[in-house]
Amino acid sequence: MRFDKLTTQFQQAFSDAQSLAVGGDHAYIEPQHLLLALLNQEGGGAAAILSRAGVQVPALKASLTQALDRLPKVAGQGGEVSISRELNNLLNLTDKEAMKRNDAFIASELFSTAPRRPRWNRRSRRCAAARGCSRRRPKDSVRRSPNTRSTSPRARAKASSTR
């Protein structure tokens, strides 16, 4: 994973995640650190995208904070933290997804949809699922603009029932 492929906003979120890990005396930067940093980012799109996808963002933030509080603490590490294996795998999957889309850079929005991916670690997936983020949501729901119409029968039935 090349960090120069991350957008500036995603790089900032990664730095914030590192600060969360150091401040919490954690040995590794976990997916929960990065997702919470993305959700806390001012002007970031992750919270808006997840909210449009039906996720209860404030409740997800609270769950992520609780999950971070339960992580083991390491004393005397001198502020050195590294990327966990799970986070490294997710970053690689996000990079792979960006390549499939022919994106030159990896945007934070791709990572913020990670709870739908099978490799998302169990704790984070449970936090996200409890707050409305499901792998069953349509794959394009976070990329589709509000004005785009879906042609699936299920989407048409849903749209007609809300009118």
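Readers should treat all values here as calculations from the given coordinates under stated rules, not as data from a laboratory. Quick caveat: nothing in here was measured; it's all calculated off a predicted structure. Because the Cβ atoms are built from the backbone with ideal geometry, glycine has one as well, and the counts that use them run over all protein chains shown.
The figures follow:
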{"quantity": "Neighbourhood charge, 12 Å Cβ-Cβ cut-off, centred on His26 and excluding it, Lys, Arg +1 and Asp, Glu -1", "calculated": "-2"}
{"quantity": "Segment Phe3-Ala48, extension gain: residue separation times 0.36 nm, minus the distance between their alpha carbons", "calculated": "13.8 nm"}
{"quantity": "Nonlocal amide H pairs with Ile83, under 5 Å, H built at 1.01 Å", "calculated": "Ile29"}
{"quantity": "Met99-Arg70 pseudo-label distance in nm [points 7 Å out on the Cα-to-Cβ vector]", "calculated": "3.4"}
{"quantity": "Placed amide H near Ile106: partners under 5 Å, 5+ positions off or other chain", "calculated": "Leu6, Thr7"}
{"quantity": "Derived scalar couplings ³J(HN,Hα) [region 24-32; Karplus, 6.51 cos²θ - 1.76 cosθ + 1.60; whole Hz; x for Gly, Pro]", "calculated": "x, 6, 9, 7, 10, 8, 9, x, 4"}
{"quantity": "Cα gyration tensor category, rounded, prolate or oblate, for region 1-89 with a/c compared to 1.5", "calculated": "oblate"}
